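Have a look at the structure below, then the notes.
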Amino acid sequence: MAETILPFERSIYDLIEAAGRAETVEERAALLKQSEAERLRVYANLTPWERVQLARHPRRPRMLDYTNRILEDFIELHGDRVIGDDPAMVCGIGRFRGRTIFIAGQQKGVSTEEKVSRNFGMAHPWGYRKAQRVFRLAERLGHPVVTFVDTPAAHPGIEAEQRGQGFAIAESLRLCADLRVPILAVVLSEGGSGGALAIAFADRVCMFQYAVYMICPPERCAEILWRDVEKKELAAAALKVTAQDLMDLGAIDAILPEPPGGAQYDPAGAAEVLASEIDRFLEACRQGAYSVEKRREKFRRIGHWLEESL
Amino acid sequence: MGFLKRKRNGLDAPGIPDGLWMKCAACQQTVYRPEVEENMHVCPACGHHYRIGSRQRLELLMDPGSFQETGTNLKTVDPLGFRVGEETYMDRLERAREESGLRDALLTGFAAIEGFRIAVGVMESAFIMASMGSVLGEKFCRLVRDAIREKVPLVVFAASGGARMQEGILALMQMAKTADAVREINDAGLPYISVLTDPTSGGVLASFAGLGDIILAEPGAYIGFAGTRLIEGALKVKLPEGFQRAEYQFENGFIDQIVKRTEMRPFLARLLRCLSPQSARAALSSKEADAASDAPPGADTE
Ligand SMILES: [Zn+2]
């Protein structure tokens, strides 16, 4: 696969390329060392828009990369029992360190072919309804749910509207407000609008360090509020989309650390971080840390307003 | 909507001041403005439903003087420090307040329809396209709790462009919160009637508006999750006429009935008569049967 180099990564790759042309071993080592220092420098100073680009990096590990690494077994469940199967939403039963967890998440795809077949992780109504079916099953059988959020948005399209995209997302939210088993949601890369939230109404919501989670894509926000799609950098900054922003706003519970440059530089390490998080979550479940009432209360408190005395 | 010169069917209509005649935005016919207003802002020629303000809707549909407003003490703030160019979110809110006369985009309270007491919410499209932010979400949740406390049905007239971008992720999270509030009124065994008006879209459709026990819509209302322009841009296609209109969503099975504005009040009264908590108890216990005749429930308690 061709290396994808984001604009702000250019200086790092210039040094790596220079190292490739170096005439002596010493010179080469020095340039590589310099490139590492440059990498640290660049990733310590990313703008919000650069973080959006990074979150959309095609090499970031996808849901199935993680489940393949951390689950001992995974049995995929297909179909919503009414319309069909949505490859953008992957659901199933997994075994994690000897315990059963139910899984749902968007898979953006790795190869071009897979991306197209999975619709770039943009689910249709029957994808959300498949997830609902799996959530209900988990509840009935008494197993916790783990979801992986990785989607630019719920699919905007003719059939999606015909089959009630808005209604399907609303049902997912109401179901998650009532599910009697614990839910962990992890935003892997890009959490986009209601399509992301539909599987992230959870007892514990985590974001990877370089993930973004937003009400709408900055491009669209720029188009609507600035009437100029080129103002996307301003929009990305204004929308407050980074993991730290969401922590500060009280919209998520934890940030999962990534190596400098992001999970794509060390997928095994990122998977290890995710595994520890799931482990902690399951331990907390056993301690009775979560309840549907606490989940509702947590979301009920989200938002800022002023209450004036009358 | 465009004003037309004093001309109708090719005849001059002298003496009638400017503005009394208007050209219908839908059918292009020249119609007499007072007649449109008299007809609840529905074109008498083609039936086009003009958008109306939230207070106006209450006046048209509720029993006169029955509306008692709630939640007036909630004030919108600017959690992100959002600004577009020179205009801060606080400036934008101020402008919306001037344009609409409301403090945010959802008006809540108690009211009555032909004597049936309800908790009612009406969204105001003149307020930043009735987008949902923190205050709107919180007001909806409190309205649900008011309905449960008073054991009355909930009726919400939805209209929205979606979630309020100026409140970022906090606005998105209101979808979860309001969907949970619907769960709450479901658990309480009280009916929730959602009336979709033009336009109901995005995060509001995908949360409380899309979760009504009974979902009604005004004719021709735009009802969809993703905006038409967004879909056209993504798919590079021209969408068919009538796509995402109330009639289309009715055909797709998402709407119980399309009800004309002029028939909405008697229709809601019929519905409330069938769904009132009193009539539910009456069906299952002979003791209450007498108490719940066809008279509005307020009649025996007031
Ligand atoms: Zn007309």
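The values are calculated or read from the model by the stated rules, or taken from the named source; none is laboratory data. This structure is a prediction, so every number in the text was calculated from the model and none was measured. Because the Cβ atoms are built from the backbone with ideal geometry, glycine has one as well, and the counts that use them run over all protein chains shown. Calculation scope for accessible area: heavy atoms of the full protein, side chains included, ligands and nucleic acids excluded. Shrake-Rupley method; radii C 1.70, N 1.55, O 1.52, S 1.80 Å.
What to note about this one:
- Considering only residues in segment B:10-22 that are touching a strand residue (DSSP E or B) at 6+ places or on another chain (Cβ under 8 Å) and either within 15 Å of the ligand (Cβ to nearest atom) or at pLDDT below 50 (or both), the one that is least open to solvent (accessible area, probe 1.4 Å) turns out to be B:Met22.
- Enumeration of residues in segment A:134-164 that are open to solvent by less than 10 Å² (accessible area, probe 1.4 Å) and at the interface with chain B (Cβ under 10 Å from one of its Cβ atoms): A:Ala154, A:Gly157, A:Ala160, A:Glu161, A:Gly164
- Qualifying residue in segment B:94-101 (condition: closer than 27 Å to B:Asp180 by Cβ, modelled with pLDDT of 95 or more and of a type in the set (Lys, Arg)): no
- Total residues in segment A:144-165, condition within 22 Å of the chain's Cα centre (by Cα) and in contact (Cβ under 8 Å) with a residue 40 or more places away in the chain: 13
- Of all residues in segment B:157-192, those being surrounded by fewer than 24 Cβ atoms within 10 Å (Cβ to Cβ) and either facing another protein chain (nearest Cβ under 7 Å) or small (Gly, Ala, Ser) (or both) number 4.
- Subset of segment A:37-52 [surrounded by 15 or more Cβ atoms within 10 Å (Cβ to Cβ) and not β-branched (Val, Ile, Thr)]: A:Glu38, A:Arg39, A:Tyr43, A:Leu46, A:Pro48, A:Trp49, A:Glu50, A:Arg51
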